[in-house]
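Q: Just passing along the structure, written as structure tokens.
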Amino acid sequence: MAEQFSNQGGASDSDPSALKRWLTSSIMTRLADPERVAQRRHRAERQRVKANAPHQVEYFHQLNEGYSHLAVQLIEQLVSRYDITVNCHLVTSQHSANNPEPERLQALSFRDSERIAAGYRLSWPTQSKPLPSDVVETIARCLTPLDGLAFAQTAVALETLAYSGDFAAFTEHATGLPQSSQADAKQRIATGCQRLRELGHYSGAMFFYGGEWYWGVDRLMHLERRLQTLGLQRHDDKESPTGLIAPRPDIAEGPLRDSQDLTLEIYPSLRSPYTALIFDRVCTFADTMNLKLSLRPVLPMVMRGVPATRQKGVYIFTDAAREARLQGLPYDRFYDPIGQPVRNAYALYPWAEAQGHARELLSEFFRAAFVDGLNLMRERNLRRVVEGAGLQWAEAKLHLQDRDWESLFEANRLEMYQHDLWGVPTLRLLSAEGNPLCAVWGQDRLWVIAEAVQRELSRRQAVSA
């Protein structure tokens, strides 16, 4: 998903020159290097001290979006737990190369937030869905004169009523609050969107601190650990054994009976940093949980004509590297495999699958590109991938021009889109009859699949009791 970038930060190139491929690979590797990350953080803290500025977190609240409703619930705990100030901005969804399908993303934000809220000890209104424009405008007018804790508390209260569909109570509550004019609210939103762009991002539900971005509840733990390292923790949370406000839920796994007729599907892309992070983990999870594993590869987004900017690519790659460090995974070097290397591997995929080594082929490719930093335009490195997967190079060369994979992978993409998921990695849990029990997008959603497995087995036990 972190795609090839032009020098102007424009749309990515699916077949870059050797020089551009090397430059992108080198830049991304340097950006993700732990020592350089530490240096950047140290520099940001030095500048803060020199300016005699407080430890300020900027939060970007996107109106009418599920992830922001979860994120804003955390602000009261943040300012209580840490010696920080929080500056809140109002933003709206922007159709751009960074967000080519805002309506689909908005719908996903509600479905996904409902699914994960309880796991993060947050509330989610029942039957919630996107709000009418007049309700959104009222929320904006109520939030415009506010900042910090007052902003967060008011946003939580108003959105909880509105998303619950209790518009009478919402109107009564909003009527009792000071409201800015519509013009002032529009200006507040425009200012927030401009600030988001100035700082180099494109999405709502984001926290920004010291030159680094943290997305919603899913990345708050990274921000918390940074604040703790700086000695900003006021007190410990006795209810949280991790010492974090929003620790990622554990993945409940272990040998199971009666799960062998369940199928775990993964839709991977060989150019996706997030897929590279989770691929082996998903395979091991399926083995441990006694699930059938089904691989459904798709083309990288940029090779499907979906634009990707340098801004988005930098965030995705550095975020994936941060996630890798958290999980203790190697993510030392990167050599961009976009274009011909991906096509070569996919040309070999049907043959590798017939040999029973499809899983190994993808795993070795990810390791070569994202851990070992091998230039897979070179034949000797592709051969290393093939042989590392337990396949014969002499036979593999006979399949490099095969095209059977194209229709197969397009069918995979269409199946993924049918379930309103369009990013990788997508994970789906299927029943014995092939019906979807759970479908999620993201390398940080495996715990959701684990819970779905347990629910299905509990349902079966209840039926048979």
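Q: In region 415-465, how many residues are among the small types (G, A, S), touching a residue at least 60 places away in the same chain (Cβ under 8 Å) and outside any helix (DSSP H, G or I)?
A: Of the residues in region 415-465, 5 are among the small types (G, A, S), touching a residue at least 60 places away in the same chain (Cβ under 8 Å) and outside any helix (DSSP H, G or I).
Q: Does any residue of region 202-223 turn out to be among the β-branched types (V, I, T), modelled with pLDDT of 95 or more and crowded, with 21+ Cβ neighbours inside 10 Å?
A: Yes: one or more hits.
Q: Out of (1) charged (D, E, K, R); (2) surrounded by 22 or more Cβ atoms within 10 Å (Cβ to Cβ); (3) under 20 Å from Y315 (Cα atoms), what's the single condition that is false for E65?
A: Of everything listed in (1) charged (D, E, K, R); (2) surrounded by 22 or more Cβ atoms within 10 Å (Cβ to Cβ); (3) under 20 Å from Y315 (Cα atoms), E65 misses just condition (3).
Q: Return yes when H235 is surrounded by fewer than 21 Cβ atoms within 10 Å (Cβ to Cβ) and either assigned to a loop (DSSP other than H, G, I, E, B) or modelled with pLDDT under 95 (or both) and no when it is not.
A: For H235, the condition - surrounded by fewer than 21 Cβ atoms within 10 Å (Cβ to Cβ) and either assigned to a loop (DSSP other than H, G, I, E, B) or modelled with pLDDT under 95 (or both) - is met.
Q: Looking only at helices (runs of 4 or more DSSP H) that fall completely inside region 339-405, which ones have 1 or more residues that are farther than 21 Å from D280 by Cβ?
A: Hits in region 339-405: 340-354, 379-388, 393-396.
Q: Might you check whether a residue that is more than 25 Å from A345 (Cα to Cα) and either touching a Gly at 6+ places or on another chain (Cβ under 8 Å) or surrounded by 19 or more Cβ atoms within 10 Å (Cβ to Cβ) (or both) occurs anywhere in region 292-300?
A: no
Q: If the requirement is being outside the structural domain of L277 (by TED's automatic domain parsing) and either loosely packed, with under 12 Cβ neighbours inside 10 Å or modelled with pLDDT under 95 (or both), which of these qualifies: A44, A32?
A: When all the criteria are applied, what remains is A32.
Q: Can I ask one more? From the set of residues in region 172-185 that are assigned to a helix (DSSP H, G or I) and touching a residue at least 24 places away in the same chain (Cβ under 8 Å), which is surrounded by the most Cβ atoms within 10 Å (Cβ to Cβ)?
A: Among those residues, the one meeting the criterion is A185.
Q: Further question on the same structure: Give Q94, Q106, Q73 a once-over and let me know the one that is touching a residue at least 12 places away in the same chain (Cβ under 8 Å), out of contact with any helix residue (DSSP H, G or I) (no Cβ under 7 Å at 6 or more places or on another chain) and assigned by TED's automatic domain parsing to the domain that holds H55.
A: Q106 is the lone residue from the list that is touching a residue at least 12 places away in the same chain (Cβ under 8 Å), out of contact with any helix residue (DSSP H, G or I) (no Cβ under 7 Å at 6 or more places or on another chain) and assigned by TED's automatic domain parsing to the domain that holds H55.
The values are calculated or read from the model by the stated rules, or taken from the named source; none is laboratory data. Only a predicted model underlies this, so the values are computations on that prediction, with no experimental measurement involved. A quick note on method: Cβ atoms are made from the backbone with ideal geometry, for glycine too, and the neighbour counts reach across all protein chains shown.
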